[in-house]
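S.K.: Have a look at the structure that comes next, please.
The values are calculated or read from the model by the stated rules, or taken from the named source; none is laboratory data. Since this is a predicted model, take the numbers as computed values, not measurements. We work out accessible area using only protein heavy atoms, side chains counted, and drop any ligands, DNA or RNA first. Shrake-Rupley method; radii C 1.70, N 1.55, O 1.52, S 1.80 Å.
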Amino acid sequence: MILRGNRDWGCKNKMSKKAKFECAYVKTYGQLIEASKLIQMKSGSIDDEGIDLDNDIFCPECKKTHLVIVNKISGDDYIRRSTQKENPEHDPKCTYEFEVAGKKESKAYFQKKNPSEIQHDLTQLLKEDIAVRERDPNAPKIMRKVNSEMVFFTNKANNHVRKRVPQQKLTEAFAKNLKSEHAGDGFAKYYYGRVKVLKRESKKKFENYQILSSNGLVFFSLGVLNNLKDLTETLSKASNLKVPINLAIYGEIKFNRIYRDLVVFNENCCVIRE
């Protein structure tokens, strides 16, 4: 069931221009596997399933460019393109080759989007994320289609340049490293992932929830206008039953005193799949 309502982050004024790899193509298995799973395999915290983690992971879209798992002392491991000289370039049309749109470009892009178009994008992101997580055989095809819709043309020095729509998967690493100076880069974007919900005290105009990772790390406090009944009922149900949900949301994470929040004013800006 889908109910409606309301990938790359960096420091506030210095957002990474390259898309982050939230999954990779394991060529031997012919599957897309989540980056978080591959990183856990590399660290030895879960079984590696016989995957050659040094040589058998590639760009999830074009499947040509070799990727590597980068281990950092801070624990914020991630996957990036290998810097080996013989490593093939991405296909020219591969969207991972495009820069991520910055603040000005993103604001202009989202101003042109109507609520139903935003809802469509959020639904597609969840469709892709679920397919990858469940290792659906059609996941590569779904990803290519979704990624092709997540790019747009923008003007740069009188030239039309393609950029990726800013989006962020809600992962443990993101929750651990999200600081006040990193909150949302100062503009709204797409956030999506498998999350837990904890209902908080209701206010005069809003129902309040904490959006958490599977291990209880806080992503943000979510405020939803209390007249968005379908959305608040679904979030409250997930909180009461203590069940995870698939959430995709459009908005800006802001810091208010000691917590970070994101507010939903329009039901089309949030999609939930149980």
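S.K.: Send over a whole-number figure in Å² for the accessible area per residue of the stretch 167-272, probe 1.4 Å.
M.R.: Result: 46 Å² per residue.
S.K.: Please turn the phi angles of the stretch 44-60 into ³J(HN,Hα) values with the Karplus equation 6.51 cos²θ - 1.76 cosθ + 1.60 (θ = phi - 60°), one per residue in order, whole Hz, x for glycine and proline.
M.R.: With coefficients 6.51, -1.76 and 1.60, one gets x, 6, 9, 4, 7, 6, x, 7, 7, 6, 8, 10, 10, 10, 9, 3, x Hz.
S.K.: Can you list residues from other chains, or at least 5 along the same chain, whose modelled amide H is less than 5 Å from the amide H of Phe220?
M.R.: Ile211
S.K.: Hey, any idea what % of the chain's accessible area is carbon plus sulfur with a 1.4 Å probe?
M.R.: Carbon and sulfur atoms account for 49 percent of the accessible area of the chain.
S.K.: Computed from the coordinates I sent, Rg and Dmax of the Cα atoms in Å equals one of (i) 21.0, 64; (ii) 18.5, 60; (iii) 17.7, 49. Tell me the label.
M.R.: For Rg and Dmax of the Cα atoms in Å, the calculated option is (ii).
S.K.: Per residue, what accessible area does the stretch 14-107 have, given a 1.4 Å probe and all protein chains present, in Å²?
M.R.: On a per-residue basis, 54 Å².
S.K.: Continuing with the same structure: Near Lys196, which aspartates and glutamates are there with a Cα under 13 Å away, not counting those fewer than 8 places off in the same chain?
M.R.: Hits, sequence-local ones excluded: Glu172, Glu274.
S.K.: So what is the calculated 222 nm ellipticity per residue for the chain, using -39500 (n - 2.57) for each DSSP H run with n of 4 or more, over all residues, to the nearest 500 deg cm²/dmol?
M.R.: My calculation for the chain gives -7500 deg cm²/dmol from helical runs alone.
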